[in-house]
Number of protein chains: 4
Amino acid sequence: MSGNTIGRLYTVTSCGESHGPAYACIVDGCPPGMALSAADIQPELDRRKPGKSRHVTQRREADEVEILSGVFEGRTTGTPIGLLIRNTDQRSHDYSKIMDRFRPGHADYTYQQKYGLRDYRGGGRASARETTLRVAAGAIAKKYLRERYGVAIRGYLAQLGPIPLTLRDWDEVERNAFFCPDPSKVAELESYMDALRKEGNSVGARVNVVASNVPVGLGEPVYDRLDADIAFAMMSINAVKGVEIGAGFAAVAQKGTEHRDEITPEGFLSNHAGGILGGISTGQDVVVSIALKPTSSIRLPGRTIDTAGAPVEVVTTGRHDPCVGIRATPIAEAMLAIVLMDHVLRHRAQNLDVTSPTPAVPGRAPDSR
Amino acid sequence: MSGNTIGRLYTVTSCGESHGPAYACIVDGCPPGMALSAADIQPELDRRKPGKSRHVTQRREADEVEILSGVFEGRTTGTPIGLLIRNTDQRSHDYSKIMDRFRPGHADYTYQQKYGLRDYRGGGRASARETTLRVAAGAIAKKYLRERYGVAIRGYLAQLGPIPLTLRDWDEVERNAFFCPDPSKVAELESYMDALRKEGNSVGARVNVVASNVPVGLGEPVYDRLDADIAFAMMSINAVKGVEIGAGFAAVAQKGTEHRDEITPEGFLSNHAGGILGGISTGQDVVVSIALKPTSSIRLPGRTIDTAGAPVEVVTTGRHDPCVGIRATPIAEAMLAIVLMDHVLRHRAQNLDVTSPTPAVPGRAPDSR
Amino acid sequence: MSGNTIGRLYTVTSCGESHGPAYACIVDGCPPGMALSAADIQPELDRRKPGKSRHVTQRREADEVEILSGVFEGRTTGTPIGLLIRNTDQRSHDYSKIMDRFRPGHADYTYQQKYGLRDYRGGGRASARETTLRVAAGAIAKKYLRERYGVAIRGYLAQLGPIPLTLRDWDEVERNAFFCPDPSKVAELESYMDALRKEGNSVGARVNVVASNVPVGLGEPVYDRLDADIAFAMMSINAVKGVEIGAGFAAVAQKGTEHRDEITPEGFLSNHAGGILGGISTGQDVVVSIALKPTSSIRLPGRTIDTAGAPVEVVTTGRHDPCVGIRATPIAEAMLAIVLMDHVLRHRAQNLDVTSPTPAVPGRAPDSR
Amino acid sequence: MSGNTIGRLYTVTSCGESHGPAYACIVDGCPPGMALSAADIQPELDRRKPGKSRHVTQRREADEVEILSGVFEGRTTGTPIGLLIRNTDQRSHDYSKIMDRFRPGHADYTYQQKYGLRDYRGGGRASARETTLRVAAGAIAKKYLRERYGVAIRGYLAQLGPIPLTLRDWDEVERNAFFCPDPSKVAELESYMDALRKEGNSVGARVNVVASNVPVGLGEPVYDRLDADIAFAMMSINAVKGVEIGAGFAAVAQKGTEHRDEITPEGFLSNHAGGILGGISTGQDVVVSIALKPTSSIRLPGRTIDTAGAPVEVVTTGRHDPCVGIRATPIAEAMLAIVLMDHVLRHRAQNLDVTSPTPAVPGRAPDSR
């Protein structure tokens, strides 16, 4: 399919299936000289790891990463970094119930039609387990961006089903099982999820990601805009159905006087743009929001067809996330890190000698959300 | 910047500025043997053309396309198709008022900081006038997709500021100045726009695009998914701040039982997925929705800084669209055509010999919007 | 075909056929702020131009370049540079003799089989006239490399048919009609070419290109080595059948003690490597040599088949170069410039902060040829 | 460095260093449905393996490949194929003698200057051990090309130092330690190599590769020609300094009447073109020849500098190939397979529906060498 590489100068190429021997990726383009070991990557993997609370899938995967190459005496060498994650929990599951039928809302039918055959075990290549590699590759980008440019990339759960969540406290995000940014809402989320699990159903979610201290000037219009590449990267995450930058769909009902972010020497007066104008970063926070659909892996039976085209019923047993959006926060952060990293490299290639007569406007401005 | 090429096998490379001599693009990858002349492209350009009603910019551009190459005796030869559109209405405008200051909500500031200098005339490279080329390149893709696969790509205005519009009649879309799909709403749109113009303000919009009769199997996961490439292409359009596929952000509050599109031998029972599962087309309608911000080119004064960093006021005179979303419909259609075309070519490269034992499910299913 | 773009960060995308309306290319990735006008490009085009002596084709083309975009007030803006060259000498030639038959040694047969149809006028897309665009795009790269890094790129005719030519004097190269670097050989070349023309035959040639003052460190192994990209670029020139770096095929019979270029603090003691080790520039002269075949456009009849597959005879009349290698010198220089430019940009993207404890070895070392 | 991917639709992305934990590559774009197991790849790896005779390096590597992904129930699924080869012979070598000095003719100096640091153990990323992955990825391409199109790709040693070798017998190639195609020459090669080893020196070589039964029409001019991509792929192999297609440098002294390959309904009368015209395959044998330099890893002392820039002497002990060209035959075959595979996919993307009125000329014509 040759669609398994993302990025242009910081490239991530991935392989692996849910129930195959291993996942692997090759991260090409990381600058040389950065301190790096598995210990820099593992914490991000652990944030995404299944089985950490009763609200996510109980599948148990060690998700231990091995660095195969690209690091010498504790520093990146500028050569490609190979990452390997073995699959350990390939429970000898009974797939006889789904191997011959297409779970609705899953990629079963489309993979079958596209390739003529498919690895039906746990979704095969379409499994969200592939996002472990994204998180690993994103961890390297995050580290470089943080150490070289002071960029901070953070995400949180902004809505779970019918429950909207407001950013109250960044520190709270890492303290609960939901990446919820509002301590007063955690109990409500827990009881909602308990009821949902009991019901055997699933629900959608919204995740917000914010990059702070982003250098001004990132993005390569007219096509490879920073926002376009972010939209691509986010929409490539399993279950994502929508992407917004800044005001997003709220901009539809806004007037020009409201939406335009006025500028003063002390900074922008608002950030409806989400930190990107004309496809190029302004230096304000880059603000991204994504919609994740409810997974179709639920216990409640649904109508579908089998591989012969006959109508059948399907029930998904097994261990699934009732809200895939919960574990999506570190994934969305990772994708934003990968895109920003790519654009940092692209920017300095062409614009190395640029000096502007205009002083940079301070970036820290009121967030539009 | 080397970000001016979109596509992988059907590639469009573009150049040109609003007030330079010309826009040009090179369309590479169109299969040989298709009948093609400027007359196939011009009608699409005319749909997007400024000056067609009092509700859009009064700038007058002929937008006449010349085919420079790639066509011989009326047929494509398989070699790259060069397209040239001369700028004719380069009115000797007085730019002294904006050349030294950054219009808020525009790319003025970011271009200046990224490149150290900028063509301030009419937005330069950041002008939406570049989308003429997208429409031209999309017209070629549209024609191929229609003739070879029977694909129909159509768009409409789904919301203008506070006024939501429902698809009532595809034919109506081409009959009014707004691409409005509901004849009962046209008068309301007219009076809203008249008032807005009088006010000197602008407003956002939502545009929906639908591709019907799309072959099953398009998309190259895990990164180059069909939906990811659509998100990229749409977000690369000037003023777009959000992209949805199928249910989009509505999926956040949906449950799995509601969202999953059940399958029967007669077809899918719904289309919340927007025609894409696991990044691959299902054969249902591909349904995309985009949010366009209100333009910042308005007569009402706003605060900003000048190129020396000092606070100043800016007023945008000149001829501008009070709702850039109105003329965005043919542009969004073109981008969808370009993406589908690219994926048709990519799909058949790898999957030429694929046969699936499963009969294709009829694609025409109830649209989720 | 989507194979009409070269480069990764400095990209050149080209279109046009020999007897179509025009050639055009889009140069994307040139850094902003460089002074540029058509006058910077035209001299290189003039070096390649037909009709300058009796030893090259008498076709008369103005080859005048128009800059369509990417330059504002005399400086590059960082946006893509569009270049347009109109075809002016589309003599209403009689093509009836070749339209239905395949000239041996030309691309007639392969284009027909690949695309099912072909523009038979003057070779169509396969005409070497496309190299005007390469020369134009290369002129921009040359200027940037010279002004920013002091790189000098020069070429010369190293052999014409049986006559080998030794580099005696760089200045002589521009003084004669052959790019011959040895003043004592010009008369011999003239009489050889006069006889060849009388005979109605053609002959091959060898061209050498040398880049001096190349920064150390260019090249992105293990695939995108500097030498690999040079080989690609050179082999993409019409009629080229071989490429050598440094010692080239002479290395086959060399021993390790002879070939290895020993290093001293004062510089390398030889340059069999041609300035590239492990795919990365050493700082020595980059030395490239290419073989150009004799054109098959000759007056002496040859056997071939017609479009129906029947045996026929073909004679090429018209105005052709009896030695296409003569005008290849500026083309080869341009391709080397494009590759070096691309690698300069790629290098600084990733290696911006690199400092080596080792002082750079002086690059100017004895050339291996 | 992001230069570690080759190909456009059949892509190979590689990582790994000589003395790191492992080599890995991801092969993306292999069509689904092909039978594949490690047993299909291992024989090609064994052809290249060190330690098979006294004439090659005595380093002992198992070179056992593990398939990580992309294969399900013995068939390719169309998803990326991960390949892993662990390094087993990381002998606790004493690198103190070379860690602080640059071996002349190696990439030590250029890696140091480019990246600021380097993995000095056994050449690190610059080690030719990386070619194991190329051979593995090429084996998959070879299998597909053979099974789907009947393409045969074979290579042989065409010259070893001063000893030219003529193709007498394809079967002989696999019977001796040199890939020598002439049984009468094997003894001479053995005594030459024995003397060379005793001397402590190394020597260059020429390898020829031939692809037979190649479909007509492969190649995407004007840049991504088949010959240009072959030149790129071959020049990317360690130690290669020259590439020829067909007549190659012999074309310099040829006349048009001699070089042009005349066509008859029964086939081409010669193959000076090496099976490629205008960058597109003719259906004749694709004939490629490459020059490999003598390795600089020799026992005879040479002058160089250390990492502080001071003059020192270097002697390479360790286990090295005295003629790296010997083991290059399977590598060159693999690179040709990868390029042809990529172009097969690219060709059918755009030209799926092409039919030519002209019957294909039989491809099997006298080889030009």
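Every number in this text was worked out from the coordinates using simple rules, so none of it is lab data. All figures in this text were calculated on a predicted structure; none of them were measured in a lab. No Cβ is skipped: glycine too gets one built from the backbone with ideal geometry, and neighbour counts run over all protein chains shown.
Provide the convex hull volume over Cα atoms per residue for the range B:285-355, in Å³.
Once divided by residue count, the hull of the range B:285-355 is 156 Å³.
From other protein chains only, count the Cβ atoms within 10 Å of every residue's Cβ in D:286-294, then give the mean.
Whole-number average of other-chain Cβ neighbours for D:286-294 is 5.
Given the options A:Tyr156, A:Tyr95, A:Tyr120, state which has the largest fluctuation in a GNM of chain A using a 10 Å cut-off (strictly under) for Cα springs.
Ranking A:Tyr156, A:Tyr95, A:Tyr120 by mean-square fluctuation puts A:Tyr95 first.
For a footprinting-style exposure proxy, rank D:Tyr149, D:Tyr115, A:Tyr192 by other Cβ within 10 Å, fewest first.
By the 10 Å Cβ count, ascending: D:Tyr149, A:Tyr192, D:Tyr115.
Per-residue counts of other Cβ atoms within 10 Å, averaged by peptide: what ranking do you get for B:225-234, B:317-326, A:263-272, highest first?
B:225-234, B:317-326, A:263-272
Where the Cα atoms of the range D:1-116 are projected onto their three principal axes, how long is each span, largest first, in whole Å?
Extents along the principal axes, in whole Å: 51, 35, 22.
Of B:Arg121, A:Arg8, how do they rank once you tally other Cβ atoms within 10 Å and put the fewest first?
Lowest to highest Cβ neighbour count: B:Arg121, A:Arg8.
Enter the Cα centre distance for the pair the range C:309-353 and the range C:17-74, rounded to the nearest angstrom.
15 Å
Leaving out same-chain residues fewer than 8 places away, which lysines sit with a Cα under 21 Å from that of A:Lys143?
Result set, ordered by chain and number: A:Lys49.
From the label point of A:Leu269, set 7 Å from Cα along Cα→Cβ, how far away are the matching label points in the other copies, in nm, ordered shortest to longest?
5.3, 7.3, 8.3
Taking neighbour counts of Cβ atoms within 10 Å as a proxy for exposure, in what order, fewest first, do B:Leu218, C:Leu165 appear?
The most exposed by this proxy come first: C:Leu165, B:Leu218.
Set the Förster distance to 25 Å, then compute FRET efficiency between C:Glu266 and C:Ser184 from the Cβ-Cβ distance, nearest 0.05.
Given R0 = 25 Å and the Cβ-Cβ separation, E is 0.15.
Please list the non-local residues whose amide H lies under 5 Å from the amide H of D:Glu262, H modeled 1.01 Å from N, same-chain partners needing a gap of 5 or more.
So D:Glu262 has HN proximity to D:Leu269, D:Ser270.
Cα-Cα over 29 Å: which of A:Lys255/B:Lys185; A:Lys293/B:Lys114; A:Lys142/A:Lys198; C:Lys241/D:Lys198?
A:Lys293/B:Lys114; A:Lys142/A:Lys198; C:Lys241/D:Lys198
Cut-off 10 angstrom, C-alpha nodes, Gaussian network model of chain C. Which of C:Gly274, C:Gly155, C:Gly242 fluctuates the most?
Among C:Gly274, C:Gly155, C:Gly242, the largest GNM mean-square fluctuation belongs to C:Gly242.
To two decimal places, what compactness ratio does chain D give when its Cα radius of gyration is scaled by 2.2 N^0.38 Å?
1.02
Relative contact order of chain D, please, whole-number percent, based on alpha carbon pairs below 8 angstrom and at least 6 residues apart.
21 percent
Name the most mobile residue of D:Val354, D:Val216, D:Val65, meaning the one with the largest mean-square fluctuation, in a Gaussian network model of chain D with Cα contacts below 10 Å.
Looking only at D:Val354, D:Val216, D:Val65, the biggest GNM fluctuation is shown by D:Val354.
Would you mind giving the mean number of other chain beta-carbons within 10 Å of the Cβ of each residue in C:355-363, as a whole number?
Whole-number average of other-chain Cβ neighbours for C:355-363 is 5.
For the range D:229-369, what ratio Rg/Rh do Cα atoms give with a Kirkwood hydrodynamic radius?
Answer for the range D:229-369: 1.14.
Would you grab the residues whose amide H sits under 5 Å from the one on B:Ser127? Only those 5+ places off in sequence or on another chain, please, with H modelled 1.01 Å from N.
For B:Ser127, the qualifying residues are B:Ser18.
Counting every Cα pair in the protein assembly as shown, what percent are over 45 Å apart?
The proportion of pairs with Cα distances above 45 Å equals 40 percent.
Using a 10 Å cut-off on Cβ to Cβ distances, tally the other chain neighbours for every residue of B:116-126 and report the average as a whole number.
6
For A:Arg60, place a label point 7 Å out from Cα along the Cα→Cβ vector, do the same in each other copy, and report the separations in nm, one decimal, smallest first.
Label-point separations across copies, in nm and ascending: 4.0, 7.8, 8.8.
Sticking to Cα atoms, compute the Rg of the range D:106-225 to one decimal and its Dmax as the biggest Cα-Cα distance, whole number, in Å.
Every Cα atom of the range D:106-225 included, Rg and Dmax give 18.8, 50 Å.
Compute the orientation-averaged projected area for the range A:42-173 from the convex hull of its Cα atoms and round it to one decimal in nm².
Mean orientational projected area (the range A:42-173, Cα hull): 12.0 nm².
Let me have the 222 nm mean residue ellipticity of chain C computed from DSSP H runs of 4+ only, each contributing -39500 (n - 2.57), with the sum over all residues rounded to the nearest 500.
The helix contribution divided over chain C gives -8000 deg cm²/dmol.
Using alpha carbons only, how many angstrom separate the centre of the range C:274-302 from the centre of the range D:129-165?
Each part reduced to its Cα centre gives a spacing of 24 Å.
Under the definition of Cα pairs under 8 Å and six or more residues apart, what whole-number percent is the relative contact order of the range B:266-312?
Value for the range B:266-312: 21 percent.
Could you check how many percent of all C-alpha pairs in the range D:243-299 are farther apart than 12 Å?
Within the range D:243-299, distances greater than 12 Å cover 71 percent of Cα pairs.
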